[in-house]
Amino acid sequence: MALETVDLTPVIGSQLLIDKADLLSGRFRDEIRALLVRRGAVVVRGLHPSDEELRAIAATLGDVRVGGAKRGADGKTLNEGDGGILKVSLDPDVNPDYARFLPGNHLWHMDGHYETTPPFATLFTPYRMANQGGDTLFASTYAAFEDLPKDEQDYYSTLRVVHTMQAALFPAMRTCTPEEFAVWCSYPVVTHPLVWHHKSGRKSLVLSTSASHIEGMHFAESHDLLESLMRHATQDKYVYRHQWQMGDLAMWDNTGAMHRVMPYDTASRREYHRCTLNGEEPITPVAA
Ligand code: OGA
Ligand code: MN
C-alpha cells in the first residue's frame, strides 16, 4: 500500500498522513525512510507520541542513538537522555549539558558536524511549545547543489571544509566565557568534503555554521565563498518552515538538509523531545 503524503513546498517537506499504529508497526519503514531522504523533512500531525512511542517509532526507522557522541563540559559523554530520548531545552534544570550548546541551533546547521558519519535523521516532538516564535526551518542541501551550474558543481566537488565547534557556536554565543570557548576548542576539528556523493548517487552540499574555512584557500576568499553558498542554500525556494502544533512529530534527514530554530521567548521554557538515528554512511567526496 502506498503512503499518503502531501507536499508542503515543491522541493522539501512532506506531511505524512498515517496513524500511530501504522507508524509503530514498522510496516512502512522502507517507504518512510525513502520519503525522508527524498523530501528532507517529514511531519505527522496529531500524533501525540509518548517518549516510549517516540523511541519505538524511531527504532523502526534506524539505529537509535543512546548516549551520544557529543561530549559535555566535563569531557564526558553528553546525556542523550533515558534510553535515547534527548530533552532539547534551554532550561539548565532540564538538561544542563545540552543547554550550553543549544544557542547554536538558532543558526543553520547539520547535527554532528564533528563526526565522520553524522546522524542519519532526527525525530522531534514538542513537549512544551514556545509562546511566540520557535518555528523550525529545514533547507534542502540536495536541491541547493542540484541547481548549481555544472562548472560550480565540479569546482565545489574538489574542495574540503574544516568544521569546528567554535565556528558552530561563537556566532550564537558571542558573550561566552573563556572556559566555554576552551570546551568548544576541545572538540575534534573535522574536515569534510564540500560535496557529499551519497551511496544513492545523489549529491548534496555539506554546509553548516560549523564550517570554519575551506582547506588551502585564503581566509577572506573562503569566508566569502562559504557565506555566499550558505545564502544560496537557504533561499526560500529550498526551505520548509514548520509551524508547530502540540502532537506533531517532525523528522528530518540530517544528511541532505540543514535546519535551524527561529528565536523564541526563553521564559516559555520551550522543550522538545528528540530521538537521533545514528549515521549509516560517512561523508564521501566525489571521486576525482
Ligand atoms: C536540534 C535542533 C531545532 C529546534 O535539536 O538539533 O536543531 O527547533 N533543534 O529546536
Ligand atoms: Mn540541530
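The values are calculated or read from the model by the stated rules, or taken from the named source; none is laboratory data. Owing to the predicted nature of the structure, the values given are computational and were not obtained by experimental measurement. Glycine also receives a Cβ, built like all others from the backbone with ideal geometry; neighbour counts cover every protein chain displayed. Please note that ligands, DNA and RNA were not included when accessible areas were found on the heavy atoms of the full protein model with its side chains. Shrake-Rupley method; radii C 1.70, N 1.55, O 1.52, S 1.80 Å.
Provide a single number: the residues in the range 166-178 that are in contact (Cβ under 8 Å) with a residue 12 or more places away in the chain and open to solvent by 60 Å² or more (accessible area, probe 1.4 Å).
Going through the range 166-178 one residue at a time, the tally reaches 1.
Please go through the range 244-254 and give me each residue that is open to solvent by 20 Å² or more (accessible area, probe 1.4 Å) and either within 10 Å of ligand 1 (Cβ to nearest atom) or under 12 Å from the mean Cα position of the chain (by Cα) (or both), ordered by number.
244 - this is the single residue of the range 244-254 that is open to solvent by 20 Å² or more (accessible area, probe 1.4 Å) and either within 10 Å of ligand 1 (Cβ to nearest atom) or under 12 Å from the mean Cα position of the chain (by Cα) (or both).
State whether one or more residues within the range 118-125 are away from ligand 1 (no atom under 16 Å from the Cβ), outside any strand (DSSP E or B), of a type in the set (Phe, Trp, Tyr) and modelled with pLDDT of 95 or more.
Among the residues of the range 118-125, not one is away from ligand 1 (no atom under 16 Å from the Cβ), outside any strand (DSSP E or B), of a type in the set (Phe, Trp, Tyr) and modelled with pLDDT of 95 or more, which makes the answer no.
Which of the numbered conditions does residue 229 fail, given that it passes all the others? Conditions: (1) modelled with pLDDT of 95 or more; (2) open to solvent by 40 Å² or more (accessible area, probe 1.4 Å).
Looking at each condition in turn, residue 229 falls short on (2).
Scan the range 114-125 for residues that are surrounded by 21 or more Cβ atoms within 10 Å (Cβ to Cβ) and more than 10 Å from ligand 2 (Cβ to nearest atom) and jot them down.
Matches in the range 114-125: 118, 120, 121, 123, 125.
Answer yes or no: is there a residue in the range 233-245 that is closer than 21 Å to residue 158 by Cβ and at pLDDT 95 or above.
Yes, some residue in the range 233-245 is closer than 21 Å to residue 158 by Cβ and at pLDDT 95 or above.
Determine which single condition residue 265 fails, assuming it passes every other condition in (1) under 20 Å from residue 14 (Cβ atoms); (2) modelled with pLDDT under 95.
Failing condition for residue 265: (1).
Spot the failing condition for residue 98; the list is (1) open to solvent by less than 60 Å² (accessible area, probe 1.4 Å); (2) at pLDDT below 95; (3) in a loop (DSSP other than H, G, I, E, B), and only one is missed.
Unmet for residue 98, out of (1) open to solvent by less than 60 Å² (accessible area, probe 1.4 Å); (2) at pLDDT below 95; (3) in a loop (DSSP other than H, G, I, E, B): (3).
Residue 148 fails exactly one of the following numbered conditions: (1) modelled with pLDDT under 95; (2) touching a helix residue (DSSP H, G or I) at 6+ places or on another chain (Cβ under 8 Å). What is the number of that condition?
Unmet for residue 148, out of (1) modelled with pLDDT under 95; (2) touching a helix residue (DSSP H, G or I) at 6+ places or on another chain (Cβ under 8 Å): (1).
Quick one: which residue in 107, 90 is modelled with pLDDT of 85 or more, open to solvent by 10 Å² or more (accessible area, probe 1.4 Å) and away from ligand 2 (no atom under 13 Å from the Cβ)?
It is 90.
Kindly establish whether residue 7 is over 20 Å from residue 142 (Cα atoms), of a type outside the set (S, T, N, Q) and either modelled with pLDDT of 95 or more or exposed (fewer than 13 other Cβ atoms within 10 Å of the Cβ) (or both).
no
Looking at the range 18-69, which of the residues that are assigned to a strand (DSSP E or B) and of a type in the set (Val, Ile, Thr) is nearest to residue 281 (Cα to Cα)?
Here the residue is 64.
Restricting to the range 14-23, what's the tally of residues that are crowded, with 19+ Cβ neighbours inside 10 Å and over 11 Å from residue 35 (Cβ atoms)?
Matching residues across the range 14-23 total 1.
I'd like the full set of residues that are open to solvent by less than 10 Å² (accessible area, probe 1.4 Å) and within 13 Å of ligand 2 (Cβ to nearest atom), limited to the range 260-273.
Residue satisfying the conditions is 272 alone.
Which of (1) under 18 Å from the mean Cα position of the chain (by Cα); (2) modelled with pLDDT under 95; (3) crowded, with 21+ Cβ neighbours inside 10 Å is the odd one out, the single condition residue 58 does not satisfy?
(2)
Table: residues versus (1) buried (at least 21 other Cβ atoms within 10 Å of the Cβ); (2) in a strand (DSSP E or B); (3) within 16 Å of ligand 1 (Cβ to nearest atom); (4) at positive phi.
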site: 112; (1), (2), (3), (4): yes, no, yes, yes
site: 139; (1), (2), (3), (4): yes, yes, yes, no
site: 148; (1), (2), (3), (4): no, no, no, no
site: 154; (1), (2), (3), (4): no, no, no, no
